[in-house]
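The values are calculated or read from the model by the stated rules, or taken from the named source; none is laboratory data. For clarity, every value in this text was computed on a predicted model and none was experimentally measured. Cβ coordinates were reconstructed from backbone atoms using ideal geometry, including for glycine residues, and neighbour counts include every protein chain displayed. Just the protein is used for accessible areas: all its heavy atoms, side chains included, with ligands, DNA and RNA removed. Shrake-Rupley method; radii C 1.70, N 1.55, O 1.52, S 1.80 Å.
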Amino acid sequence: MILVKLFFVSLLCYSAFSKEEDVVDLGDSDFSTKLAEHETALVMFYAPWCGHCKRLKPEYAKAAEELLRNDPPINLFKVDCTEAGKETCNKNSVNGYPTLKIFRNGEFSQEYNGPREASGIVKYMRAQVGPSSKEIKTVEELEKFLKAENDVSVVGFFEKESELKTAFLKTADKLRESVRFAHSTFNEVLNKQGLKDNIVLFRPAILKNKFEDNQVVYSGSADSGSIKIFITKNYHGLVGHRKSDNKQDFKNPLVIAYYAVDYVKNPKGTNYWRNRILKVAQEFKDQITFAISSKDELTQELNEYGIDFIRHDKPTIVARDENNQKFVMQDTFSTESLELFVQDLLDEKLTPYLKSEPVPESNDEPVKVAVANNFDQVVLNNDKDTLIEFYAPWCGHCKKLAPVFDELAAKLKNEDVAIVKMDATANDVPPTFDVRGFPTLFWLPKDSKDKPVRYDGGRELDDFINYIAKQATNELKGFNRAGKPKADKTEL
């Protein structure tokens, strides 16, 4: 029994490590020679201690395993910039980790700007090999091409050279990293399709439904801009499969259904719920974008709506309006409840969901604490000039700034100025504030709170005092406009 267990453990270990071994290690001694053997290769330059590298590593390994089966195979490599590959990383201008670059025949070709998940890496790299549009010569080749991937395909059918064909191929060059293209000029294929000079968008068979056509024929002009718009508009259909590597395709206002979406293991169950969402989506197709997403793949996203875990099988529905406000459908899912929710969203009858820490029972410290549920009171309607810091508890720069901020607030406690901080990881930040890193600071003059000004000055006490003294709506009591302390005029 023990031997059997050991055997299965060894198999599991081999399976795990075999994926890692699909990514080839390179160093200064063999970097150039090994890469020269491959027409197209992707290289990850990394540091072992880098947290982002550790998160990317398993996804990179999964992609490597998949891309080795590609025709032709695409190899993935990695270089440790702290050990055997220091000189190579310097030569290739690696300034941060991880850095990914594409090489062709050993020579640098371009920066990798694609997704960081396995499926996205695979799709992006497949697009780097061969022509941007595959030439189809027979009906069998067309059928094979359409079935090869569970993905949308865009195919051009051209009897002869034309402006439309030129525009199609130009579009394929521009979108090759995100869309599968093919074209044919062979009569057998054209006759089968019944088209002589046109473009068709084919949806994969797994997404076939009675609410929309499985093929969409282009009817625009012969220019690449119009073709691109056609593809973008129809690519995901009425209810798209929204994943971590294509989230940017789905624009607000947006309704998302989270449930056990899995087109590999359970396509029938996945489409059972999608078809019900499609029934509602067709009624609002010109007003709302609809999508389905895996509740397991995008758990972190659900947390943004205050949802920690979905225990039932039915879809959980959330939405964002044009202003990116968040909404959660409270009723149990049905086509009727979804239809009502969407209509209320359009009619602005829903109450937005705000992720917020509890409002502090006491807010008497010099630095005021803002949370989502008291933001208007503490920041926007306080009738004071305000300097606000958006921070993250784990951020080293924020921790360094904290005592300076405390001292600044103490210095200005009798002034017409509020010094405020907000944990941007635990609270929704209003869309007026573009917070992309930590700490991010904004100055809000009391008479124009709708126009916050990003503070990009120094972070020492004197830097803040000089800035506030100059920018304050009314001159400070304790400092002149130059930030110098005023003389004490108290009579002895």
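Going through 155, 189 one at a time, which residue ends up being among the β-branched types (Val, Ile, Thr) and more than 20 Å from residue 223 (Cβ to Cβ)?
Going through 155, 189 in turn, just one is among the β-branched types (Val, Ile, Thr) and more than 20 Å from residue 223 (Cβ to Cβ): 189.
Going by the structure shown, is residue 139 modelled with pLDDT of 90 or more and more than 20 Å from the chain's Cα centre (by Cα)?
yes
Just checking, how many residues over the stretch 381-395 are open to solvent by less than 60 Å² (accessible area, probe 1.4 Å), under 21 Å from residue 465 (Cα atoms) and out of contact with any helix residue (DSSP H, G or I) (no Cβ under 7 Å at 6 or more places or on another chain)?
3
Could you check the stretch 287-325 and list, in sequence order, the residues that are assigned to a strand (DSSP E or B) and either open to solvent by 10 Å² or more (accessible area, probe 1.4 Å) or among the β-branched types (Val, Ile, Thr) (or both)?
289, 292, 294, 316, 317, 318, 320
Search the stretch 193-222 for residues that are of a type in the set (Asp, Glu) and pair each with any residue that is surrounded by 17 or more Cβ atoms within 10 Å (Cβ to Cβ) and in a loop (DSSP other than H, G, I, E, B) when their beta-carbon atoms are under 6 Å apart and the residues are at least 6 apart or on different chains.
Sorted first by the residue in the stretch 193-222, then by its partner, the pairs are 212/237; 212/238.
Restricting to the stretch 202-235, name every residue that is outside any loop (DSSP other than H, G, I, E, B) and of a type in the set (D, E, K, R).
228, 233
Out of the residues in the stretch 435-455 that are free of Cβ contacts under 8 Å to residues at least 24 places away in the same chain and open to solvent by 70 Å² or more (accessible area, probe 1.4 Å), which is farthest from residue 471 (Cα to Cα)?
436
Just to be sure I understand the filter: pairs with C-beta atoms under 7 Å, separated by 6 or more residues or on different chains, first member in the stretch 456-482 and aliphatic (A, V, I, L, M) and loosely packed, with under 12 Cβ neighbours inside 10 Å, second member in a helix (DSSP H, G or I) and at pLDDT 95 or above. Which pairs pass?
Filtered contacts from the stretch 456-482: 482/469.
Of the residues that make up the stretch 171-182, is at least one assigned to a helix (DSSP H, G or I), on the phi < 0 side of the Ramachandran plot, open to solvent by 30 Å² or more (accessible area, probe 1.4 Å) and out of contact with any Leu (no Cβ under 9 Å at 6 or more places or on another chain)?
Among the residues of the stretch 171-182, at least one is assigned to a helix (DSSP H, G or I), on the phi < 0 side of the Ramachandran plot, open to solvent by 30 Å² or more (accessible area, probe 1.4 Å) and out of contact with any Leu (no Cβ under 9 Å at 6 or more places or on another chain), which makes the answer yes.
Rundown of residues vs (1) touching a residue at least 24 places away in the same chain (Cβ under 8 Å); (2) within 24 Å of residue 178 (Cα to Cα), yes/no style:
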site	(1), (2)
67	yes, yes
73	no, yes
79	yes, no
84	yes, no
89	yes, no
96	no, no
102	yes, yes
113	no, yes
122	yes, yes
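Exactly one condition in (1) open to solvent by 30 Å² or more (accessible area, probe 1.4 Å); (2) modelled with pLDDT of 95 or more; (3) within 27 Å of residue 485 (Cα to Cα) is false for residue 414; which is it?
Exception for residue 414: condition (2).
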